[in-house]
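Undergrad: Here's a structure for you.
The values are calculated or read from the model by the stated rules, or taken from the named source; none is laboratory data. Quick caveat: nothing in here was measured; it's all calculated off a predicted structure. No Cβ is skipped: glycine too gets one built from the backbone with ideal geometry, and neighbour counts run over all protein chains shown. All accessible areas refer to the heavy atoms of the entire protein, side chains included, with ligands and DNA or RNA removed. Shrake-Rupley method; radii C 1.70, N 1.55, O 1.52, S 1.80 Å.
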Amino acid sequence: MKKLLTLALVALFVPGSLLAQTNKKSAKAEKQEAAKPAFVPSVEGPEIQFERTVHDYGTMEQGGNGDTEFKFKNVGSEPLILSNVQSSCGCTTPSWPREPIMPGQEAAIKVHYDTNRIGGISKTVTVTTNGKTDRVTLRITGNINPKAN
């Protein structure tokens, strides 16, 4: 009987003590995570870094979806301001965030190409910033075929 009672007590207390140790570890891990800075700038001052600077639409049919976006991040230590985003012609329309992009924050420049124009696409969008890299050229390429009847 004593053995059965001892075994029952051990069965009740061992899982509880293991759970308490697990909770201590997770609390310690949480404190370590909280101590880490959320973002470490790679450049002093504002700086823009794009995921990609070229978008190839490939071959599409006239009237197809001419929308794309160029995602970027402020990898600097100060707010990034896009002062101007200008396309090389009226068939390409960019839109961009007008508010400052804070350090570590991501945003995107949206570009719309008028796909009613048939033929090759080779257009640029020039981005002017207050960053260390003050000018970046984005490119869109592709080909528009006439609509099949």
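Undergrad: What net charge is computed for the residues neighbouring G63, neighbours being all others with C-beta under 12 Å from the C-beta of G63, Lys and Arg scored +1, Asp and Glu -1?
TA: 0
Undergrad: Expressed in nm to one decimal, what extension gain is obtained for the pair R52 and N143 from 0.36 nm per residue of sequence separation less their Cα-Cα distance?
TA: The R52-N143 span can extend by a further 30.8 nm.
Undergrad: Right, here's the next one. If DNA, RNA and ligands are ignored and the probe is 1.4 Å, what is the ranking of Y57, Y113 by accessible area, most exposed first?
TA: The ranking, largest first, comes out as Y57, Y113.
Undergrad: Mind running the shape call on region 28-147? Use the C-alpha gyration tensor, a ≥ b ≥ c as the square roots of the eigenvalues: rounded below 1.5 for a/c, prolate if a/b tops b/c, oblate otherwise.
TA: prolate
Undergrad: Where Lys and Arg each count +1 and Asp and Glu each count -1, what net charge lies around K132 among other residues with Cβ under 15 Å from its Cβ?
TA: With Lys, Arg at +1 and Asp, Glu at -1, the neighbours total -2.
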